[in-house]
Amino acid sequence: MPSPVRARNHAIPHGDISLWLGTYVSETPGVECADNCTVRLDLDNEPQPDLVLFKLPAKGGQARISTDDYIEGAPELVVEITGSSRAYDLHQKKGAYRRNGVREYLAWITAEQRLIWWELRDGDYQEIVAQAEGVLKSAVFPGLWLNKQAMLKDDKKAVLATLRQGLESPEHKAFLSVA
């Protein structure tokens, strides 16, 4: 039997992030989202993140799907949903993601009502600072915008409305025109 998963502390937030990323993928050819897939980062690290978002090779992606159907290399974005800031996800796994070049890492710490999105800069993770109205914007995926407070309040309509603004941005339109 797999480990038990709580509804409000994991499964529901997982579904909310899946909805947000799935909507982005539906409007962004050349980008894929995978749920609970093993990622072969290197010979010593094969984590199974809650979600990953990655660019296909034609869009300049750094990860590939192997012949035996695993993700190999670092996806551009990894998402982990965890109950506590003391969790393995925020320490050992985060370090492995950093060392292997995962460019962005989003952690939802459910028991603390916190969402933290980091970007890899100069070999270290730096927290992405929210723009106007608490909107977090990906530097790797143009148009991937997250209304942090709406996500924490389970306001899916507001989350998707903010994402829609990102999908209509000039940056997203430019990304769509790349190969």
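The values are calculated or read from the model by the stated rules, or taken from the named source; none is laboratory data. Here the structure is a predicted model, which is why all the values come from computation and not from measurement. Note that each Cβ is placed from the backbone with ideal geometry, even for glycine, and that neighbours are counted across all protein chains shown. Just the protein is used for accessible areas: all its heavy atoms, side chains included, with ligands, DNA and RNA removed. Shrake-Rupley method; radii C 1.70, N 1.55, O 1.52, S 1.80 Å.
Descriptive notes on the structure:
- When the Cα convex hull of the stretch 86-177 is projected onto planes of every orientation, the mean area is 6.7 nm².
- Kirkwood analysis of the Cα pair distances in the stretch 1-52 returns a hydrodynamic radius of 12.6 Å.
- Ratio of the Cα radius of gyration of the stretch 1-131 to 2.2 N^0.38 Å, where N counts its residues: 1.02
- Computed extension gain for residue 6 through residue 27, at 0.36 nm per residue and net of the alpha carbon distance, reaches 4.5 nm.
- Per-residue [θ]222 nm for the chain (sum of -39500 (n - 2.57) over DSSP H runs n ≥ 4, rounded to 500): -7500 deg cm²/dmol
- Antiparallel content of DSSP bridges confined to the stretch 6-156, in %, to 5: 75 percent
- Length added when fully stretched, residue 84-residue 112, from 0.36 nm per residue minus Cα-Cα: 9.4 nm
- Sorted on the mean count of surrounding Cβ atoms within 10 Å across their residues, most packed first, peptides 70-78, 156-164, 38-46 read 70-78, 156-164, 38-46.
- Phi angles of the stretch 63-70 translate, via the Karplus equation with coefficients 6.51, -1.76, 1.60 and θ = phi - 60°, into HN-Hα couplings of 10, 9, 9, 6, 5, 9, 6, 10 Hz per residue; Gly and Pro are given as x.
- A simple rule links phi to the HN-Hα coupling: the Karplus curve 6.51 cos²θ - 1.76 cosθ + 1.60 with θ = phi - 60°, which for the stretch 32-48 gives 10, 10, 10, 10, 6, 9, 5, 10, 8, 6, 7, 5, 9, 10, 10, x, 10 Hz, with x for Gly and Pro.
- Here the 3J(HN,Hα) profile of the stretch 72-84, calculated from phi with Karplus coefficients 6.51, -1.76 and 1.60 at θ = phi - 60°, is 10, x, 8, x, 5, 9, 10, 10, 10, 10, 9, x, 8 Hz, Gly and Pro shown as x.
- The chain - percent of accessible surface contributed by carbon and sulfur, probe 1.4 Å: 49 percent
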